[in-house]
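The values are calculated or read from the model by the stated rules, or taken from the named source; none is laboratory data. What you see is a predicted model, and the numbers here were worked out from it, not measured in a lab. In this analysis, Cβ positions are derived from the backbone assuming ideal geometry, glycine residues included, and neighbour counts consider all displayed protein chains. We work out accessible area using only protein heavy atoms, side chains counted, and drop any ligands, DNA or RNA first. Shrake-Rupley method; radii C 1.70, N 1.55, O 1.52, S 1.80 Å.
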Amino acid sequence: MGSKSAGKRYSEAVRWLFTEPIPEEIARKQVEKALPESAEGCDVIYSALPSAVAREIEPKFAQAGFALVSEASAHRMEPDVPLMIPEVNPDHLKLLTRQRESRGWKRGIVTTPNCTVTGLAIVLKPLVDSFSTGKAIVTTMQALSGAGFPGVPSLQIVDNLIPYIQGEEEKVAQEAKKILGTLNGKNVVPHKIPMGISCNRVAVIDGHTETLYLEFEKSVDVADVIASLEKFRAEPQRLKLPTAPEQPIIVSKEKDRPQPRLDRMQGSIPGMSVVVGRVRHGIDDKSIQLTLLSHNTVRGAAGTAILTSELMESKGYLG
Ligand SMILES: NC(=O)c1ccc[n+]([C@@H]2O[C@H](COP(=O)([O-])OP(=O)(O)OC[C@H]3O[C@@H](n4cnc5c(N)ncnc54)[C@H](OP(=O)(O)O)[C@@H]3O)[C@@H](O)[C@H]2O)c1
(Lines give C-alpha, C1' and ligand atoms only; values in the text may rest on other atoms or scores of the structure.)
Protein backbone atom coordinates (compact mmCIF):
# COMPACT_ATOMS: atom_id res chain seq x y z
CA MET A 1 0.00 0.00 0.00
CA GLY A 2 0.91 3.68 -0.13
CA SER A 3 2.26 6.10 2.47
CA LYS A 4 -1.23 6.71 3.98
CA SER A 5 -1.58 3.07 5.07
CA ALA A 6 2.01 1.80 5.42
CA GLY A 7 2.93 0.95 9.00
CA LYS A 8 -0.70 0.58 10.17
CA ARG A 9 -2.50 -2.63 11.12
CA TYR A 10 -4.67 -3.82 8.21
CA SER A 11 -7.84 -3.22 10.28
CA GLU A 12 -6.82 0.45 10.74
CA ALA A 13 -5.81 0.97 7.12
CA VAL A 14 -9.03 -0.28 5.45
CA ARG A 15 -12.64 0.81 5.65
CA TRP A 16 -14.22 -2.65 6.14
CA LEU A 17 -17.70 -2.70 4.58
CA PHE A 18 -18.57 -6.41 4.77
CA THR A 19 -21.18 -7.75 7.18
CA GLU A 20 -18.76 -10.42 8.47
CA PRO A 21 -15.93 -9.11 10.69
CA ILE A 22 -12.35 -9.01 9.35
CA PRO A 23 -10.65 -12.35 10.03
CA GLU A 24 -8.50 -11.81 13.13
CA GLU A 25 -5.30 -12.99 11.45
CA ILE A 26 -5.76 -10.48 8.58
CA ALA A 27 -6.79 -7.62 10.90
CA ARG A 28 -3.52 -7.95 12.84
CA LYS A 29 -1.21 -7.90 9.80
CA GLN A 30 0.95 -4.87 9.37
CA VAL A 31 0.69 -2.99 6.07
CA GLU A 32 4.04 -2.65 4.32
CA LYS A 33 5.16 -0.14 1.69
CA ALA A 34 4.75 -1.27 -1.94
CA LEU A 35 8.43 -2.08 -2.45
CA PRO A 36 9.87 -5.29 -3.93
CA GLU A 37 11.89 -5.78 -0.69
CA SER A 38 8.62 -6.00 1.28
CA ALA A 39 7.44 -8.87 -0.93
CA GLU A 40 10.37 -11.19 -0.20
CA GLY A 41 9.09 -14.80 -0.10
CA CYS A 42 5.80 -14.12 -1.96
CA ASP A 43 4.87 -16.47 -4.83
CA VAL A 44 2.64 -13.92 -6.53
CA ILE A 45 1.78 -10.24 -6.07
CA TYR A 46 -1.83 -9.07 -6.57
CA SER A 47 -1.96 -5.39 -7.50
CA ALA A 48 -5.01 -3.12 -7.15
CA LEU A 49 -3.17 0.18 -7.39
CA PRO A 50 -4.58 3.31 -9.02
CA SER A 51 -3.62 3.03 -12.67
CA ALA A 52 -1.09 5.89 -12.76
CA VAL A 53 0.70 4.41 -9.73
CA ALA A 54 0.57 0.88 -11.20
CA ARG A 55 2.25 2.07 -14.39
CA GLU A 56 5.26 3.12 -12.37
CA ILE A 57 5.38 0.52 -9.54
CA GLU A 58 4.35 -2.78 -11.16
CA PRO A 59 7.39 -3.01 -13.52
CA LYS A 60 9.67 -2.64 -10.48
CA PHE A 61 8.19 -5.83 -8.99
CA ALA A 62 8.47 -7.60 -12.36
CA GLN A 63 12.08 -6.43 -12.68
CA ALA A 64 12.78 -7.90 -9.23
CA GLY A 65 11.60 -11.31 -10.52
CA PHE A 66 8.04 -11.45 -9.17
CA ALA A 67 4.88 -12.66 -10.89
CA LEU A 68 2.28 -9.91 -10.71
CA VAL A 69 -1.47 -10.20 -11.32
CA SER A 70 -2.83 -6.68 -11.75
CA GLU A 71 -6.38 -5.34 -11.66
CA ALA A 72 -5.24 -1.90 -12.76
CA SER A 73 -5.73 -0.79 -16.36
CA ALA A 74 -2.14 0.52 -16.77
CA HIS A 75 -0.63 -2.41 -18.70
CA ARG A 76 -3.75 -4.16 -20.05
CA MET A 77 -3.29 -3.19 -23.70
CA GLU A 78 0.47 -3.64 -23.94
CA PRO A 79 1.18 -6.17 -26.71
CA ASP A 80 3.32 -8.48 -24.56
CA VAL A 81 1.01 -8.41 -21.50
CA PRO A 82 -1.73 -11.06 -21.18
CA LEU A 83 -5.20 -9.67 -20.43
CA MET A 84 -6.67 -12.74 -18.81
CA ILE A 85 -9.95 -14.44 -18.21
CA PRO A 86 -8.81 -18.01 -17.51
CA GLU A 87 -11.91 -19.56 -19.14
CA VAL A 88 -11.53 -17.49 -22.30
CA ASN A 89 -7.86 -17.09 -23.24
CA PRO A 90 -5.62 -19.33 -21.08
CA ASP A 91 -3.15 -19.66 -23.98
CA HIS A 92 -2.41 -15.90 -23.84
CA LEU A 93 -0.24 -16.64 -20.78
CA LYS A 94 2.41 -17.61 -23.36
CA LEU A 95 2.98 -13.86 -23.82
CA LEU A 96 4.96 -14.06 -20.57
CA THR A 97 7.76 -15.69 -22.58
CA ARG A 98 7.90 -12.51 -24.68
CA GLN A 99 8.21 -10.40 -21.51
CA ARG A 100 11.08 -12.62 -20.42
CA GLU A 101 12.87 -12.27 -23.78
CA SER A 102 12.36 -8.56 -24.39
CA ARG A 103 12.26 -7.09 -20.89
CA GLY A 104 14.34 -9.64 -18.99
CA TRP A 105 11.54 -10.24 -16.46
CA LYS A 106 11.78 -13.68 -14.88
CA ARG A 107 8.02 -14.07 -14.29
CA GLY A 108 6.23 -10.86 -15.38
CA ILE A 109 2.95 -8.96 -15.40
CA VAL A 110 -0.48 -10.44 -16.15
CA THR A 111 -3.56 -8.18 -16.09
CA THR A 112 -7.27 -8.81 -15.54
CA PRO A 113 -9.94 -6.89 -17.45
CA ASN A 114 -12.32 -4.10 -16.56
CA CYS A 115 -15.17 -5.60 -14.52
CA THR A 116 -17.73 -4.84 -17.27
CA VAL A 117 -15.77 -6.88 -19.82
CA THR A 118 -15.47 -10.08 -17.80
CA GLY A 119 -19.09 -11.31 -17.91
CA LEU A 120 -19.50 -10.18 -21.51
CA ALA A 121 -16.36 -11.93 -22.77
CA ILE A 122 -17.25 -15.17 -20.96
CA VAL A 123 -20.69 -15.20 -22.62
CA LEU A 124 -19.33 -14.25 -26.05
CA LYS A 125 -16.61 -16.94 -25.99
CA PRO A 126 -18.78 -20.04 -26.66
CA LEU A 127 -20.94 -18.07 -29.10
CA VAL A 128 -18.10 -16.75 -31.28
CA ASP A 129 -16.51 -20.22 -31.21
CA SER A 130 -19.69 -22.12 -32.15
CA PHE A 131 -21.36 -19.75 -34.62
CA SER A 132 -20.31 -17.24 -37.27
CA THR A 133 -21.10 -13.99 -35.54
CA GLY A 134 -21.69 -10.50 -36.86
CA LYS A 135 -21.96 -7.40 -34.72
CA ALA A 136 -22.70 -7.16 -30.99
CA ILE A 137 -24.67 -4.33 -29.37
CA VAL A 138 -24.32 -4.11 -25.59
CA THR A 139 -26.03 -1.93 -22.99
CA THR A 140 -24.73 -2.08 -19.43
CA MET A 141 -26.37 -1.33 -16.09
CA GLN A 142 -23.35 -1.13 -13.79
CA ALA A 143 -23.30 -1.40 -10.03
CA LEU A 144 -22.06 1.35 -7.73
CA SER A 145 -19.24 -0.75 -6.25
CA GLY A 146 -17.57 -0.69 -9.68
CA ALA A 147 -16.81 3.00 -9.06
CA GLY A 148 -14.88 2.22 -5.84
CA PHE A 149 -15.48 3.87 -2.46
CA PRO A 150 -17.04 6.41 -1.79
CA GLY A 151 -17.85 6.38 -5.52
CA VAL A 152 -20.89 8.17 -6.96
CA PRO A 153 -22.50 10.79 -4.67
CA SER A 154 -25.88 9.60 -3.35
CA LEU A 155 -27.62 12.76 -4.58
CA GLN A 156 -26.62 11.84 -8.13
CA ILE A 157 -27.68 8.19 -8.11
CA VAL A 158 -30.72 7.77 -5.81
CA ASP A 159 -33.91 8.01 -7.92
CA ASN A 160 -31.66 8.20 -10.96
CA LEU A 161 -29.48 6.55 -13.60
CA ILE A 162 -26.30 8.03 -15.06
CA PRO A 163 -25.97 7.25 -18.78
CA TYR A 164 -22.21 7.89 -18.99
CA ILE A 165 -19.09 6.38 -17.42
CA GLN A 166 -15.93 8.12 -18.56
CA GLY A 167 -13.74 6.00 -20.83
CA GLU A 168 -15.73 2.83 -20.15
CA GLU A 169 -17.33 2.20 -23.56
CA GLU A 170 -14.00 2.37 -25.40
CA LYS A 171 -12.35 0.09 -22.78
CA VAL A 172 -15.08 -2.55 -22.97
CA ALA A 173 -14.83 -2.96 -26.76
CA GLN A 174 -11.04 -2.79 -26.90
CA GLU A 175 -10.43 -5.19 -24.00
CA ALA A 176 -13.09 -7.71 -25.12
CA LYS A 177 -11.53 -7.89 -28.59
CA LYS A 178 -8.04 -8.51 -27.13
CA ILE A 179 -9.32 -11.24 -24.79
CA LEU A 180 -11.30 -12.98 -27.54
CA GLY A 181 -8.35 -12.54 -29.91
CA THR A 182 -6.08 -15.27 -31.27
CA LEU A 183 -2.49 -15.76 -30.21
CA ASN A 184 -0.54 -15.78 -33.45
CA GLY A 185 3.12 -16.48 -32.72
CA LYS A 186 4.05 -13.74 -30.30
CA ASN A 187 1.10 -11.41 -30.94
CA VAL A 188 -2.57 -11.36 -30.06
CA VAL A 189 -4.68 -10.63 -33.13
CA PRO A 190 -7.80 -8.93 -31.75
CA HIS A 191 -11.19 -10.48 -32.54
CA LYS A 192 -12.90 -8.63 -35.38
CA ILE A 193 -16.40 -8.60 -33.91
CA PRO A 194 -17.85 -5.07 -34.33
CA MET A 195 -19.18 -3.84 -30.99
CA GLY A 196 -21.46 -0.97 -30.00
CA ILE A 197 -21.41 -0.34 -26.25
CA SER A 198 -23.54 1.95 -24.03
CA CYS A 199 -22.60 2.12 -20.35
CA ASN A 200 -24.92 3.25 -17.54
CA ARG A 201 -24.43 3.51 -13.77
CA VAL A 202 -27.45 2.31 -11.77
CA ALA A 203 -28.38 2.24 -8.07
CA VAL A 204 -27.37 -1.39 -7.49
CA ILE A 205 -24.64 -2.17 -4.95
CA ASP A 206 -23.00 -5.22 -6.59
CA GLY A 207 -23.57 -6.96 -9.93
CA HIS A 208 -23.22 -5.61 -13.46
CA THR A 209 -26.21 -6.41 -15.68
CA GLU A 210 -25.79 -6.18 -19.46
CA THR A 211 -28.11 -6.73 -22.39
CA LEU A 212 -26.50 -8.25 -25.47
CA TYR A 213 -27.89 -8.14 -29.01
CA LEU A 214 -25.81 -10.44 -31.20
CA GLU A 215 -26.13 -10.96 -34.96
CA PHE A 216 -25.15 -14.16 -36.79
CA GLU A 217 -24.32 -14.86 -40.43
CA LYS A 218 -26.92 -17.66 -40.60
CA SER A 219 -30.14 -18.36 -38.73
CA VAL A 220 -29.68 -19.93 -35.28
CA ASP A 221 -31.94 -21.90 -32.95
CA VAL A 222 -32.42 -20.34 -29.52
CA ALA A 223 -32.11 -23.86 -28.06
CA ASP A 224 -28.67 -24.28 -29.69
CA VAL A 225 -27.50 -20.95 -28.30
CA ILE A 226 -28.67 -21.93 -24.80
CA ALA A 227 -27.00 -25.35 -25.11
CA SER A 228 -23.72 -23.78 -26.18
CA LEU A 229 -23.78 -21.42 -23.15
CA GLU A 230 -24.74 -24.14 -20.67
CA LYS A 231 -22.20 -26.66 -21.94
CA PHE A 232 -19.32 -24.20 -21.90
CA ARG A 233 -16.40 -25.53 -19.84
CA ALA A 234 -12.80 -24.44 -20.16
CA GLU A 235 -9.25 -24.94 -18.90
CA PRO A 236 -9.96 -23.94 -15.23
CA GLN A 237 -12.78 -26.50 -15.05
CA ARG A 238 -10.68 -29.24 -16.70
CA LEU A 239 -7.83 -28.51 -14.28
CA LYS A 240 -10.30 -28.31 -11.35
CA LEU A 241 -8.69 -25.08 -10.13
CA PRO A 242 -9.88 -24.23 -6.59
CA THR A 243 -11.64 -20.97 -7.60
CA ALA A 244 -13.12 -22.33 -10.86
CA PRO A 245 -16.92 -22.54 -10.82
CA GLU A 246 -18.25 -25.90 -12.05
CA GLN A 247 -20.38 -24.05 -14.60
CA PRO A 248 -18.97 -20.72 -15.84
CA ILE A 249 -22.33 -19.76 -17.40
CA ILE A 250 -25.66 -20.54 -15.75
CA VAL A 251 -28.76 -20.04 -17.92
CA SER A 252 -31.85 -19.03 -16.02
CA LYS A 253 -35.15 -20.16 -17.54
CA GLU A 254 -37.31 -17.78 -15.49
CA LYS A 255 -38.68 -14.94 -17.56
CA ASP A 256 -37.65 -12.12 -15.18
CA ARG A 257 -34.07 -13.18 -14.34
CA PRO A 258 -31.17 -12.57 -13.88
CA GLN A 259 -31.57 -9.92 -11.19
CA PRO A 260 -28.51 -8.58 -9.31
CA ARG A 261 -29.87 -9.03 -5.77
CA LEU A 262 -31.12 -12.58 -6.44
CA ASP A 263 -28.52 -13.97 -8.81
CA ARG A 264 -25.10 -12.35 -8.28
CA MET A 265 -23.92 -15.07 -5.87
CA GLN A 266 -25.11 -18.06 -7.94
CA GLY A 267 -22.83 -21.00 -8.72
CA SER A 268 -20.61 -23.56 -7.01
CA ILE A 269 -18.11 -20.79 -6.13
CA PRO A 270 -20.48 -17.95 -5.19
CA GLY A 271 -20.14 -14.96 -7.50
CA MET A 272 -17.83 -16.68 -10.03
CA SER A 273 -20.50 -17.78 -12.54
CA VAL A 274 -22.12 -15.47 -15.07
CA VAL A 275 -25.92 -15.77 -15.05
CA VAL A 276 -27.71 -15.42 -18.37
CA GLY A 277 -31.45 -15.13 -18.99
CA ARG A 278 -34.08 -13.93 -21.45
CA VAL A 279 -32.38 -15.69 -24.38
CA ARG A 280 -34.58 -15.08 -27.42
CA HIS A 281 -34.43 -14.19 -31.10
CA GLY A 282 -33.78 -10.55 -31.97
CA ILE A 283 -35.30 -8.85 -35.01
CA ASP A 284 -35.12 -12.14 -36.95
CA ASP A 285 -33.78 -15.68 -36.53
CA LYS A 286 -30.25 -14.51 -37.44
CA SER A 287 -29.93 -12.60 -34.17
CA ILE A 288 -30.38 -13.21 -30.47
CA GLN A 289 -30.92 -11.02 -27.44
CA LEU A 290 -30.08 -11.95 -23.88
CA THR A 291 -29.43 -10.43 -20.46
CA LEU A 292 -26.30 -11.33 -18.50
CA LEU A 293 -25.22 -10.64 -14.95
CA SER A 294 -21.79 -10.93 -13.37
CA HIS A 295 -20.63 -10.02 -9.88
CA ASN A 296 -18.29 -7.10 -10.56
CA THR A 297 -16.17 -7.31 -7.41
CA VAL A 298 -15.95 -11.13 -7.35
CA ARG A 299 -15.86 -12.34 -10.99
CA GLY A 300 -15.01 -8.86 -12.25
CA ALA A 301 -12.05 -8.25 -9.93
CA ALA A 302 -10.50 -10.34 -7.14
CA GLY A 303 -12.02 -13.69 -8.22
CA THR A 304 -10.57 -13.51 -11.72
CA ALA A 305 -7.20 -12.36 -10.32
CA ILE A 306 -7.07 -15.38 -7.98
CA LEU A 307 -8.22 -17.79 -10.69
CA THR A 308 -5.54 -16.35 -13.00
CA SER A 309 -2.84 -17.00 -10.42
CA GLU A 310 -4.13 -20.56 -9.94
CA LEU A 311 -3.88 -21.11 -13.70
CA MET A 312 -0.36 -19.65 -13.73
CA GLU A 313 0.64 -21.95 -10.89
CA SER A 314 -0.76 -25.04 -12.61
CA LYS A 315 1.02 -24.14 -15.88
CA GLY A 316 4.37 -23.58 -14.15
CA TYR A 317 4.51 -19.79 -14.58
CA LEU A 318 5.06 -19.10 -10.87
CA GLY A 319 7.94 -21.50 -10.38
N1 LIG B 1 -10.43 -5.12 -12.81
C2 LIG B 1 -11.46 -4.66 -12.17
O3 LIG B 1 -12.55 -5.07 -12.38
C4 LIG B 1 -11.30 -3.66 -11.13
C5 LIG B 1 -12.29 -3.51 -10.18
C6 LIG B 1 -12.09 -2.60 -9.22
C7 LIG B 1 -10.94 -1.85 -9.22
N8 LIG B 1 -10.05 -1.98 -10.16
C9 LIG B 1 -8.82 -1.21 -10.17
O10 LIG B 1 -8.14 -1.44 -8.95
C11 LIG B 1 -7.43 -0.27 -8.61
C12 LIG B 1 -7.75 0.18 -7.19
O13 LIG B 1 -9.10 0.56 -7.08
P14 LIG B 1 -9.73 0.92 -5.65
O15 LIG B 1 -11.11 1.37 -5.89
O16 LIG B 1 -9.49 -0.22 -4.73
O17 LIG B 1 -8.81 2.18 -5.23
P18 LIG B 1 -8.49 2.75 -3.77
O19 LIG B 1 -9.56 2.41 -2.81
O20 LIG B 1 -8.15 4.19 -4.00
O21 LIG B 1 -7.19 1.96 -3.30
C22 LIG B 1 -5.97 2.25 -3.84
C23 LIG B 1 -4.87 1.53 -3.03
O24 LIG B 1 -3.62 1.83 -3.65
C25 LIG B 1 -2.73 2.30 -2.64
N26 LIG B 1 -1.83 3.33 -3.18
C27 LIG B 1 -2.16 4.54 -3.68
N28 LIG B 1 -1.06 5.19 -4.08
C29 LIG B 1 0.00 4.38 -3.81
C30 LIG B 1 1.41 4.50 -3.99
N31 LIG B 1 1.97 5.58 -4.53
N32 LIG B 1 2.19 3.46 -3.59
C33 LIG B 1 1.63 2.36 -3.06
N34 LIG B 1 0.31 2.18 -2.86
C35 LIG B 1 -0.49 3.18 -3.24
C36 LIG B 1 -3.61 2.93 -1.59
O37 LIG B 1 -2.89 2.93 -0.36
P38 LIG B 1 -3.06 4.14 0.70
O39 LIG B 1 -4.28 3.78 1.49
O40 LIG B 1 -1.82 4.11 1.52
O41 LIG B 1 -3.22 5.40 -0.09
C42 LIG B 1 -4.79 1.98 -1.59
O43 LIG B 1 -4.53 0.84 -0.81
C44 LIG B 1 -7.73 0.77 -9.69
O45 LIG B 1 -6.72 0.74 -10.67
C46 LIG B 1 -9.04 0.27 -10.26
O47 LIG B 1 -9.27 0.73 -11.57
C48 LIG B 1 -10.18 -2.90 -11.10
* To do: Give me the accessible area per residue for the stretch 202-319, probe 1.4 Å, as a whole number in Å².
  => 45
* Arg238-Arg100 FRET efficiency (beta carbon distance; Förster radius 30 Å; 0.05 resolution) -> 0.70
* To do: Choose one answer from Gly277, Gly185, Gly300: the residue with the largest mean-square fluctuation in a GNM of the chain with alpha-carbon springs under 10 Å.
  => Gly185
* Report, as a whole number in µm² per second, the diffusion coefficient that Stokes-Einstein gives for the chain at 37 °C and 0.692 mPa s using the Kirkwood radius over alpha carbon pairs. => 161
* Structure fact -> Around Gly151 (Cβ within 13 Å, Cβ-to-Cβ, excluding Gly151; K/R +1, D/E -1) the net charge comes to +1
* Asked: Taking 0.36 nm per intervening residue step and subtracting the Cα-Cα distance, what contour gain separates Glu246 from Arg261 on full extension?
  -> 3.3 nm
* Tell me, what is the FRET efficiency for Lys231 and Ser132 to the nearest 0.05, using R0 = 25 angstrom and their Cβ-Cβ distance as r? -> 0.85
* Asked: Quick one: if you stick a label point 7 Å off each Cα along the C-beta vector at Met77 and Lys60, how many nm between them?
  -> 2.6
* To do: Under 1.5 on a/c is rounded, so check that first for the stretch 1-133, then, if it is not, pick prolate when a/b is larger than b/c and oblate when it is not; a ≥ b ≥ c are the square roots of the alpha carbon gyration tensor eigenvalues.
  => oblate
* Between Pro36, Pro260, Pro194, which gets the highest mean-square fluctuation from a Gaussian network model of the chain, Cα cutoff 10 Å? -> Pro194
* Structure fact -> In whole Hz, the Karplus estimates of ³J(HN,Hα) for the stretch 147-162 (6.51, -1.76, 1.60; θ = phi - 60°; x where Gly or Pro) are 8, x, 10, x, x, 7, x, 4, 5, 8, 10, 5, 6, 7, 9, 10
* Out of Val123, Val225, Val69, any idea which swings most in a Gaussian network model of the chain, alpha carbons joined below 10 Å? -> Val225
* Structure fact -> The ³J(HN,Hα) series, computed from each phi in the stretch 170-178 with the Karplus coefficients 6.51, -1.76 and 1.60 at θ = phi - 60°, rounded to the nearest Hz and given as x for glycine or proline, is 5, 4, 4, 5, 5, 5, 4, 5, 5
* Which of rounded, prolate, oblate describes the stretch 164-319, given a ≥ b ≥ c as roots of the alpha-carbon gyration tensor eigenvalues and a/c under 1.5 marking rounded, otherwise prolate only if a/b is larger than b/c? -> rounded
* **Cα gyration tensor category, rounded, prolate or oblate, for the stretch 47-103 with a/c compared to 1.5** => oblate
* Structure fact -> Long-range amide H partners of Asn187, meaning residues 5 or more apart or on another chain whose placed amide H is closer than 5 Å, are none
* **Sites matching chymotrypsin sites (Phe, Trp or Tyr not before Pro) across the stretch 135-235 that sit in DSSP coil, with at most 14 neighbouring C-beta atoms within 10 Å** => Tyr164
* Cα centroid of the stretch 1-64 to Cα centroid of the stretch 273-292, whole Å -> 41
* Asked: Residue separation times 0.36 nm, minus the C-alpha to C-alpha distance between Cys42 and Lys4: what's the value?
  -> 11.4 nm
* Gained length - Glu313 relative to Thr19, 0.36 nm times residue gap less alpha-carbon distance -> 102.7 nm
